[in-house]
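Inspection log for the structure reproduced underneath, given as structure tokens.
The values are calculated or read from the model by the stated rules, or taken from the named source; none is laboratory data. Everything numeric here is computed off the predicted structure, so don't read it as measured data. Ideal geometry is used to build each Cβ from the backbone, glycine not excepted, and the neighbour counts take in all protein chains shown.
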Amino acid sequence: MTKISKARDISHTVYEQVRDAIHSGEFRVGDRVTEVALAEKFGVSRTPIRDAISKLEADGLLTNVPRRGLIITDLSHQQIGELYMMREVMEGAAARLAALAGSDAEITTLQDLVATEAGAMDDPNRLSEINKRFHRLLALAAHNRYLLAAIEQLSITMSLLPSLLAEGGRAQTAHEQHIQIVEALQKRDPEAAEKAIRQHIRASHQHRLLLASA
């Protein structure tokens, strides 16, 4: 492996670690970020940190604010609503296509993920990881590369929103909704699959709004 490719790998790893730290709540929206602090935290040189920061800025996860420097982007109420609206539309389309085009192996794997989820209710970090894998596999099962790319790009911005799975019983509700989604996929019912995931995403948005207004 060349020095350049190794630096790129390190930069990509740092990028993903920062994304995960934002989503887990370790890094909070509005927090200031510096090259030095990130280099110390992840134990790497500042060169791959600069590359990671450039990508984080390009993806909208970091914002350069006058007199403050780089901060974790703080989405407005309007932006959050728009994100959920687009997520509902795109993942609804993915669920519909997955019911029609998803392989038996893909649907069985989704079922297995939901079963694993049932045993992780007391572990928010594990739940969050299972949830990401569930939604990622659902998008893959749609077998539409353009829809997948759009969902992945949206997911990058969604990672600015901390997981709700440790809040107010959301984990159990989300688990029950995942079961409904998988059941619709097993029946090869595109209308039911789209309806189930739209309700799932709408419920997540409503839960976030309730927490924000508390």
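If you scan region 171-210, which residues turn out to be of a type in the set (S, T, N, Q) and either under 15 Å from LEU113 (Cβ atoms) or without any contact (Cβ under 8 Å) to a residue 24 or more places away in the chain (or both)?
Passing the criteria: GLN177, GLN180, GLN186, GLN199, GLN206.
Which one is nearest to GLN78 (Cα to Cα), of the residues in region 161-202 that are in a helix (DSSP H, G or I) and among the polar types (S, T, N, Q)? First the steps, then the outcome.
If we filter region 161-202 for residues that are in a helix (DSSP H, G or I), which is where we start, we get 170-186, 190-202.
When the remaining residues are screened for being among the polar types (S, T, N, Q), the result is 172-173, 177, 180, 186, 199.
Details: GLN172: 28, THR173: 25, GLN177: 26, GLN180: 29, GLN186: 36, GLN199: 20 Å.
Checking each candidate, the answer is GLN199.
Looking at this structure, is ASN125 at pLDDT 95 or above and among the polar types (S, T, N, Q)?
For ASN125, the condition - at pLDDT 95 or above and among the polar types (S, T, N, Q) - is not met.
Restricting the search to region 37-54, which residues are over 16 Å from ILE72 (Cβ atoms) and of a type in the set (S, T, N, Q)?
SER45, THR47
Within region 97-160, considering only helices (runs of 4 or more DSSP H) that don't extend past its boundaries, which have at least 2 residues that are acidic (Asp, Glu), out of contact with any Gly (no Cβ under 8 Å at 6 or more places or on another chain) and more than 27 Å from HIS77 (Cβ to Cβ)?
104-118
Results for (1) in a helix (DSSP H, G or I); (2) exposed (fewer than 14 other Cβ atoms within 10 Å of the Cβ); (3) over 22 Å from the mean Cα position of the chain (by Cα); (4) modelled with pLDDT under 90, shown as yes or no for each residue.
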| position | (1), (2), (3), (4) |
| --- | --- |
| MET1 | no, yes, yes, yes |
| LYS6 | yes, yes, yes, yes |
| ALA21 | yes, no, no, yes |
| GLY30 | no, yes, no, no |
| VAL44 | no, no, yes, yes |
| PRO48 | yes, no, yes, yes |
| ALA52 | yes, no, no, no |
| ASN64 | no, yes, yes, no |
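Pick out the one residue from ASP59, ASP104, ASP122 that is under 19 Å from GLN17 (Cβ atoms) and acidic (Asp, Glu). Break it down into steps so the answer makes sense when it comes.
Values: ASP104 fails: under 19 Å from GLN17 (Cβ atoms); ASP122 fails: under 19 Å from GLN17 (Cβ atoms).
One residue alone meets the criteria, ASP59.
Scan (1) in a helix (DSSP H, G or I); (2) surrounded by 16 or more Cβ atoms within 10 Å (Cβ to Cβ); (3) without any contact (Cβ under 8 Å) to a residue 24 or more places away in the chain for the single condition MET85 breaks and write down its number.
Every condition holds for MET85 apart from (2).
Taking the criterion of being over 16 Å from the mean Cα position of the chain (by Cα) and under 30 Å from GLN206 (Cα atoms), would at least one residue in region 9-17 satisfy it?
no
With ARG145, ARG87, ARG136 as the choices, which residue is charged (D, E, K, R), at pLDDT 90 or above and under 18 Å from ARG19 (Cα atoms)?
None of the others qualify; the one that does is ARG136.
Could you grab the pairs with beta carbons closer than 8 Å, sequence gap of 6+ or different chains, first residue in region 54-73 and touching a residue at least 60 places away in the same chain (Cβ under 8 Å), second one of a type in the set (Asp, Glu) and assigned to a loop (DSSP other than H, G, I, E, B)?
From region 54-73, the pairs are ILE72/ASP31.
Could you please let me know if GLN180 is farther than 20 Å from HIS23 by Cβ and of a type in the set (S, T, N, Q)?
Taking the combined requirement at face value, the residue satisfies it.
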